[in-house]
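Colleague: One structure is given below, represented as structure tokens, and several questions about it will come after.
Bear in mind these aren't lab numbers, they're just calculated from the coordinates by the rules spelled out. Not measured: the values here are computed from a predicted model. Methodologically, a virtual Cβ is constructed for each residue, glycine included, from the backbone with ideal geometry; neighbour enumeration extends over all protein chains shown.
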């Protein structure tokens, strides 16, 4: 029992170390890839972004709507329904925007990245690149990683924006909250620091979600089963890592 | 004095041999986990010849190719390409060396998101600064050589197995390599495609002065195309020589392999406990 715990601890530390080295390798390659393979990065931003855009807009609208409903139902007890704007704004920009976007991104784009790279490995495409003296990390992994890292903050911005519109639709148009109070209170309470927190989270989550997706794909066992496992692990690990780091960033901002 | 002279002779012989051999494998040991694959393998690949690596399934033919191209590293022993031990190469030197290799993977390994044209253009775009016009010229020439100029705009998923392999061959030739490596080029092809590939291998070799290495267990096809065959078995070279020599060989193993006999030194049955005992034994598990 103790021995098993020790073994899994060692495995965890090793994997974490390998993952960190992998991230460093990617970061070292970034400038070079940026200069020499810029079109590939653009293609991957488009790929990761457009894959997730519809789902993020739909979810954003409904999350905003739910926030307005819940906020109204509770704040109205204190005659504070004008504060629904503050409530929805804080929740979306600081927490739900980055977190839900990251989870949706993992489910939509992360799985696609992991399975694409895994299948390229399974069909010897990565080995073929190696044999053509093309580094697959540079050609395949780094552009996809960067695509995700760049797309995530943009997606978070879209999510939060649509979410606020959803809150406006439900709060102002359905529940008849005063439109001036809704937006004015939000504007006067939400500060730059709050927005920065959201942006920082979106960047960190973008790195986490993209890194785990390309890592799982690149290290997938090159069989049908291995690729499917890598895809599943991408979602599970991203969810865990995003929520843990979300807690840490929040705590750091509140210190 | 005599010893010294004979050593000098060996040395001289080795020198001339070195010039002939583009790849030399010396005392190669390699294991996957606890399973030994190669146990002191020695082989030479002669410049400008078609060399076949044959052997029953599971003897590590593909593994040997991956070792030669350093996709894998040996446990011990040396692999020399033009006299340079590839184990010592840095990543950039290794990539420089790999530009001299062209490899045809078993399933073609075409990049699935690129068209046939872009697949063949891929190594050119990566390694040269040729103009688009020139790249187009080269790609069409290579595609024409494999008879697939008309398929330039197709995607890999639209190709049949034989076509995909021919495109992969065009891609492997795109940068005019010195050494072309074919991993099981004949598997799963219909007789017509097979004949096409066999002729292409020979033609590339003779017309362009390329050294070719073929991994295969298709005895008949290999016999028509190879100059020298190595028969691998049990981690070493069991026999080598021209196809005709192998056909005449007296060794049990070579005869079993060359004539496709079901049982012989290579047993039909994988290692297993005694049949009767296993069937009649109690259900202990």
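Colleague: Taking beta carbons within 10 Å but only from partner chains, what does the mean come to for residues B:250-263? Intermediate values should be presented prior to the final figure.
Modeller: Working: counts 0, 0, 0, 0, 0, 0, 0, 0, 0, 0, 0, 0, 0, 0.
Going residue by residue through B:250-263 and averaging, the value is 0.
Colleague: Here is a further query. Over the protein assembly as shown, consider all pairs of different Cα atoms and compute the Kirkwood hydrodynamic radius from their mean reciprocal separation; express it in Å, one decimal.
Modeller: Numbers: mean 1/r = 0.0363 Å⁻¹.
When all Cα pairs of the protein assembly as shown are included, the Kirkwood radius is 27.5 Å.
Colleague: Against the longest principal axis of chain A, how steep is helix A:111-122, in degrees 0 to 90 to the nearest 10, with axes from Cα atoms?
Modeller: 10 degrees
Colleague: Translational diffusion coefficient, Stokes-Einstein: compute it for the range A:97-203 using the Kirkwood radius over C-alpha pairs as Rh, at 37 °C and 0.692 mPa s, and state it as an integer in µm² s⁻¹. Write down the numbers at each step before the final one.
Modeller: On the way: Rh = 16.8 Å.
It diffuses with D of about 195 µm²/s by this estimate.
Colleague: What nm distance separates the two modelled labels at residue B:84 and residue B:160, each placed 7 Å from Cα along Cα→Cβ?
Modeller: Modelled inter-label distance: 4.2 nm.
Colleague: Could you calculate, for chain A, the ratio of the Cα radius of gyration to the Kirkwood radius, expressed as Rg to Rh? Could the numbers behind the result be given before it?
Modeller: On the way: Rg = 20.9 Å, Rh = 19.6 Å.
Rg divided by Rh gives 1.06.
Colleague: Now, a different point. Rg and Dmax of chain B over Cα atoms: what are they, in angstrom?
Modeller: Calculated on Cα positions, Rg and Dmax stand at 21.4, 75 Å.
Colleague: Return the single residue from A:211, A:21, A:243 with maximal mean-square fluctuation; model: Gaussian network over chain A, springs between Cα atoms under 10 Å.
Modeller: A:21
Colleague: Between residue A:223 and residue A:174, how high is the FRET efficiency from 1/(1 + (r/R0)^6) when r is the Cβ-Cβ distance and R₀ = 45 Å? Nearest 0.05.
Modeller: Values: r = 52 Å, r/R0 = 1.15.
Efficiency at R0 = 45 Å is approximately 0.30.
Colleague: With a 10 Å Cβ neighbour count serving as the proxy for reagent exposure, in which order, fewest first, do B:214, A:199, B:68 appear? Each step should come with its number before you reach the end.
Modeller: Numbers: B:214 28, A:199 16, B:68 24.
Going from least to most buried by this count: A:199, B:68, B:214.
Colleague: Under the classification rounded if a/c is under 1.5, otherwise prolate if a/b is larger than b/c and oblate if not, where does the range A:1-75 fall, given a ≥ b ≥ c as square roots of the Cα gyration tensor eigenvalues? Provide the component values of the computation, followed by the final result.
Modeller: Values: a/c = 3.71, a/b = 1.22, b/c = 3.04.
Verdict is oblate for the range A:1-75.
Colleague: Indicate the gyration tensor shape class of the range A:79-119 (rounded, prolate or oblate), computed on the Cα atoms with a ≥ b ≥ c the square roots of the eigenvalues: a/c under 1.5 is rounded; otherwise a/b larger than b/c is prolate and the rest oblate.
Modeller: Numbers: a/c = 8.21, a/b = 5.74, b/c = 1.43.
Prolate.
Colleague: Here's a follow-up. Once the Cα atoms of helix A:179-189 and of chain A are each reduced to a long axis, what angle between those two axes, in degrees from 0 to 90 to the nearest 10, is obtained?
Modeller: That helix lies at roughly 60 degrees to the long axis.
Colleague: Peptides A:138-145, A:245-252: what's the order by average Cβ count within 10 Å, highest mean first?
Modeller: Details: A:138-145: 24.1, A:245-252: 13.4.
The peptides rank, most packed first, as A:138-145, A:245-252.
Colleague: Out of A:87, A:159, A:78, any idea which swings most in a Gaussian network model of chain A, alpha carbons joined below 10 Å?
Modeller: Evaluated over chain A, the most mobile residue of the options is A:78.
Colleague: Exposure proxy check: A:131, A:196 ranked by fewest other beta carbons within 10 Å?
Modeller: Sorted ascending by nearby Cβ count, the order is A:196, A:131.
Colleague: Also, I was wondering about something else. Starting from the alpha-carbon convex hull of the range A:185-245, give the projected area averaged over all orientations, in nm². Walk me through the numbers on the way to the answer.
Modeller: Values: hull surface 19.7 nm².
Averaged projected area of the range A:185-245's Cα convex hull equals 4.9 nm².
Colleague: Mind giving me the FRET efficiency for residue B:245 and residue B:26? R0 is 22 Å, r the Cβ-Cβ distance, nearest 0.05 is fine.
Modeller: The formula returns an efficiency of 0.45 here.
Colleague: Mind computing the radius of gyration and Dmax over the alpha-carbon atoms of the range B:89-170? Å is fine for both.
Modeller: Spelled out, the Cα radius of gyration and Dmax of the range B:89-170 are 13.1, 40 Å.
Colleague: Based on the Cα gyration tensor of the range B:21-123, what are the three equivalent ellipsoid semi-axes, each the root of five times an eigenvalue, rounded to whole Å and given largest first? Walk me through the numbers on the way to the answer.
Modeller: Values: eigenvalues 127, 61, 41 Å².
That gives 25, 17, 14 Å for the three semi-axes.
Colleague: Can you pull the one-decimal nm distance between simple spin-label points at residue A:195 and residue B:271, each 7 Å off the Cα toward Cβ?
Modeller: Modelled inter-label distance: 7.0 nm.
Colleague: How far is helix A:224-254 tilted, in degrees, relative to the longest principal axis of the Cα atoms in chain A, given as a value from 0 to 90 rounded to the nearest 10?
Modeller: So the helix axis and the longest Cα principal axis differ by about 50 degrees.
Colleague: For the range A:38-141, what is the Kirkwood estimate of the hydrodynamic radius, computed as the reciprocal of the mean inverse distance between distinct Cα atoms, to one decimal in Å?
Modeller: It is 16.7 Å.
Colleague: Highest GNM mean-square fluctuation, chain B, Cα pairs closer than 10 Å: which of B:190, B:178, B:85?
Modeller: Fluctuation is largest for B:190.
Colleague: Please give the calculated 222 nm ellipticity per residue for chain B, where each DSSP H segment of at least 4 residues contributes -39500 (n - 2.57) and the sum is spread over every residue; nearest 500 deg cm²/dmol?
Modeller: Values: 11 runs with 119 residues, N = 285.
It lands at -12500 deg cm²/dmol.
Colleague: So, in Å, what gap is there between the alpha-carbon centers of the range B:237-285 and the range A:69-138?
Modeller: 56 Å
Colleague: Just counting partner chain Cβ atoms within 10 Å, what average do the residues of peptide B:66-72 show around their Cβ?
Modeller: On the way: counts 2, 0, 0, 3, 1, 3, 0.
Average neighbour count from other chains, rounded to a whole number: 1.
Colleague: Next question, about the same structure. Spin-label point model (7 Å from Cα, Cβ direction): what's the residue A:15 to residue B:190 distance in nm?
Modeller: Calculated label separation equals 4.7 nm.
Colleague: Give the order of A:42, A:204, B:139 when sorted by the count of other beta carbons within 10 angstrom, beginning with the fewest. Please list the in-between numbers first.
Modeller: Values: A:42 14, A:204 20, B:139 24.
Listed from fewest to most nearby Cβ atoms, that is A:42, A:204, B:139.
Colleague: Using every Cα-Cα pair within the range B:167-267, state what percent have a distance larger than 20 Å.
Modeller: Details: 2158 of 5050 pairs.
When every Cα pair of the range B:167-267 is considered, 43 percent fall beyond 20 Å.
Colleague: If you take the C-alpha gyration tensor of the range A:135-178, multiply each eigenvalue by 5 and take the square root, what semi-axes do you get, largest first, in whole Å?
Modeller: On the way: eigenvalues 327, 7, 3 Å².
Computed over the range A:135-178, the values are 40, 6, 4 Å.
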